[in-house]
Amino acid sequence: MITVPADAPAQAIWSEGRAADAVCFVRPDDYLATVRALRDDGFELCLDVCGVDYLEHPGRPLPEGVTGTRFEVVANFLSMSKRQRVRVRVMAGDDAPRVTSLFSLYAGTEAPEREVYDMFGILFDGHPDLSRILMPEDWEGHPLRKDYSVGSVPVQFKDGPGPR
Amino acid sequence: MTTQVRNVDRLDILAAGVNEGSQELKPREEVNAEELGREVGAVLRLQGLKLDPNSIDIENPDDERMIINMGPSHPSTHGVLRLMLELDGEFVMRTKAVIGYLHTGMEKTAENLSFMQGGTNVTRMDYLSPVGNETAYCLAVESLLDIDIPARATWIRMMMNELNRISSHLVWLATSGMDLGSTSMMIYGLRERELILAFFEKIAGLRLNLNYVRPGGVAADLPDGWEDDIEVICDTINDRTYEYDTLLTGQPIFRQRMIGVAPITAEEALSLGLTGPLLRSTGVAWDLRRAMPYLAYDQVEFDVIVGTYGDNFDRYAIRLNEIRESVRIIRQCLERMPSGDYRSQDPKVTPPPRARIGESMEALIHHFKLFTEGFHVPEGETYVGIESPRGELGCYLVSSGGAKPYRMHTRAPSFTNLQAVPLLMRGGSMSDTVTVISTVDPVMGEVDR
């Protein structure tokens, strides 16, 4: 189990994940302070920032004291000196998800945060250039949201109207 | 046109964007200091590396400067990478990578495939090291399932991963050799890779996109005589790496294009989240196989190759020597391959043997259910990271207790490593852009997913 950094906000809730990872649950207000405490505690790498839309799975298991929201931002941190991974799960909100950008702490989160914005529509305060990254600029909607349908290509049947 | 920096303070711009414009590189007079700072690669806000907006020459549009477009279908961009370059004469001032041309929504697709089918999806992400993708995905599924994998399956996976690392690095050597004009390296690299692909075909039936590593083990046992093939592969490739030394390492033109070109420091690499050969070239000895062993890497001997200067040549030397280290690991797999099952005998993930299906109705139903509905995975979330040829390949998997992943996210090393390109190219000459792209080694299938 991880030793919680001394200057981490008290509101953050720590628990143990699978594969000896530590998991930290925070609200958006405490996100930046928690990550700053982690960085000062020797977590050199922010590996990844990704989003999850829990629209179809509202009753997910959460530790006591954590209120789940529809959107979550999950950031993975790695400490090379301690050989420890920490996953910070931010309850980003329901309707207008919005969290702080980690760009000021880890410059490498620039592209992953743009991807989360592109795929989920989660806004990142303080991000220098929040534009779509994978989808075209004029794309409507955010594809990885659960209420965004997969779509289909009409199938040409034998008796159906032809393409011409 | 006013400043079009997009952030949450200007929601109107964020919503009103109707063209590809803001993903592209903008002229200097249209960007503010912060965005310029990011684009010139001064992305480092860590202690002692603060960005000074005054040090950036923003108010000086020069007639000599021009923005040109490179790609997406440029031969040296290794796929569909599009780079926008601001040139001052022959020198690159700013670079912006525009990606997404190969985006096929694989993470969304994964949510609509069962856990068993997911392997066919992830294997197409990093198409040069498909086994790595499958391994990360299967380790994540197995971590949620909490099942034990037989030793033989683990060792087969490890051997296949290392073979795949060799074939991926060989393609890298081949293409980057060709980028520098050494067409013979292209032919030799692909010739050696052919040995490994032929072996893959013998084992898995396919040469690429194997879907060989499956949740619970591997798809099939090794065929008779695999030891002879492996010995030929190991001997041949080990000898040939010394031929590459003769061909490239001492070659004066190659050395001039590589040594001292596009260096990066360890602080910059860590801040940008780089992993793999890019990080190791700066002197940080971080290899997940050694530092946080998965599979059976704690039982084999190998060296972690580390560079010093973080330049192109270090990245080349690391990859070349990793081929030799992989050969060492494969030789140990050959000697110590355990006997036993090649997949878990847990009936939850493994179908009954073919002979049972003919005589038992229950076995038939079991088989049918496993391949139509799939197996249910307990709810939870997990992250598994492995060392792919390009860096840390992670799989973040959320299950809601059903037969399909609720969310599958791949932490693609190329996607993160690509952020180093603006920094590496800054101030370099136009001809060095080609070597920078090739030594960063992005695989666009994995970048765009």
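Mind checking the per residue accessible area of segment B:146-375 for me, 1.4 Å probe, whole number of Å²? Write out the running numbers ahead of the final one.
Working: 9590 Å² over 230 residues.
Accessible area per residue: 42 Å².
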For the protein assembly as shown, percent of DSSP beta bridges that are antiparallel (nearest 5) comes out at 85
Checked segment B:161-285 with the C-alpha gyration tensor, a ≥ b ≥ c its square-rooted eigenvalues, rounded below a/c of 1.5, otherwise prolate if a/b is larger than b/c and oblate if not; verdict oblate
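Mind listing which GluC sites (Glu not before Pro) in segment B:259-367 are in a DSSP loop and have 14 or fewer other Cβ atoms within 10 Å?
B:E301
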Helix A:110-120: inclination vs chain A longest Cα principal axis, degrees, rounded to 10, gives 50
At q = 0.12, 0.21, 0.23, 0.26 Å⁻¹, the log10 of I(q)/I(0) for segment B:250-341 from a Debye sum over equal Cα scatterers comes to -0.46, -1.00, -1.11, -1.26
Here segment A:38-55 yields Karplus 3J(HN,Hα) values (6.51, -1.76, 1.60; θ = phi - 60°; whole Hz; Gly and Pro given as x) of 5, 5, 5, 8, x, 8, 6, 10, 9, 6, 6, 10, 9, x, 9, 10, 9, 4
Residues of segment B:278-301 with backbone N under 11 Å of the label point set 7 Å from the Cα of A:A20 along Cα→Cβ are B:291-294
Reduced to Cα centres, the span from segment A:104-142 to segment A:55-95 in Å works out to 19
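What fraction of the DSSP beta bridges in chain A is antiparallel, stated in percent and rounded to the nearest 5?
Numbers: 21 of 29 bridges.
Antiparallel bridges make up about 70 percent of those DSSP assigns within chain A.
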Sites removed, the longest contiguous part of chain A containing no DSSP-loop chymotrypsin sites (Phe, Trp or Tyr not before Pro) with at most 13 other Cβ within 10 Å is A:1-138
In whole Hz, the Karplus estimates of ³J(HN,Hα) for segment A:129-144 (6.51, -1.76, 1.60; θ = phi - 60°; x where Gly or Pro) are 8, 7, 10, 5, 10, 9, 8, x, 5, 9, 5, 9, x, 10, x, 8
In order over segment B:440-449: 3J(HN,Hα) from phi, Karplus 6.51/-1.76/1.60, θ = phi - 60°, whole Hz, x for each Gly or Pro, gives 6, 6, x, 10, 5, x, 8, 5, 8, 6
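Using a Förster distance of 25 Å, how high is the FRET efficiency between B:E194 and B:D224, based on the Cβ-Cβ distance and rounded to 0.05?
Values: r = 22 Å, r/R0 = 0.88.
That pair, B:E194 with B:D224, gives E of 0.70.
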Chains B and A: accessible area buried, summed over both chains, 1.4 Å probe, nearest 100 Å², reads 5300
Here, GluC sites (Glu not before Pro) of segment A:28-99 satisfying both criteria (DSSP loop; at most 10 other Cβ within 10 Å) are A:E64
Within segment B:110-167, DSSP-loop GluC sites (Glu not before Pro) with at most 16 other C-beta atoms within 10 Å are none
Over its alpha-carbon atoms, the protein assembly as shown yields an Rg and a Dmax in Å of 24.3, 82
Non-local residues with an amide H under 5 Å from the amide H of A:R98, with H modelled 1.01 Å from N and Pro and chain starts lacking one, are A:L123
Carbon/sulfur accessible area of chain B, % of total, 1.4 Å probe, equals 52
Rounded to a whole number, the Stokes-Einstein D of chain B in µm²/s (Kirkwood radius over Cα pairs; 10 °C; 1.306 mPa s) is 68
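Can you give the FRET efficiency for A:Y148 and B:T372, using 1/(1 + (r/R0)^6), R0 = 25 Å, r = Cβ-Cβ distance, to the nearest 0.05?
Efficiency, rounded to the nearest 0.05: 0.45.
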Inter-part gap, Cα centre of segment B:90-115 to Cα centre of segment B:67-82, in whole angstrom, is 14
Taking the alpha-carbon centre of each part, the distance from segment B:289-353 to segment B:400-449 in Å is 22
Percent relative contact order for chain A, counting Cα pairs under 8 Å at least six residues apart, stands at 19
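Suppose R0 equals 60 Å; then what is the FRET efficiency for B:I187 and B:D341 from their Cβ-Cβ distance, rounded to the nearest 0.05?
Numbers: r = 41 Å, r/R0 = 0.68.
Calculated transfer efficiency: 0.90.
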In short, segment B:392-440 residues buried by 40 Å² or more of accessible area relative to the isolated chain (1.4 Å probe) are B:Y396, B:Y406, B:R407, B:H409, B:R411, B:F415, B:Q419
Rounded to the nearest 10 Å², the 1.4 Å probe accessible area of B:D239 is 100
In the protein assembly as shown, lysine pairs 8 or more places apart or on different chains with C-alpha atoms under 17 Å apart total 7
Residue separation between B:A355 and B:T120 times 0.36 nm, minus their alpha-carbon distance, gives in nm 82.0 nm
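The values are calculated or read from the model by the stated rules, or taken from the named source; none is laboratory data. Because the structure is predicted, anything quoted here is derived from the model rather than measured. With ideal geometry, Cβ positions are generated from the backbone for all residues, glycine too; neighbour counts draw on all protein chains shown. We work out accessible area using only protein heavy atoms, side chains counted, and drop any ligands, DNA or RNA first. Shrake-Rupley method; radii C 1.70, N 1.55, O 1.52, S 1.80 Å.
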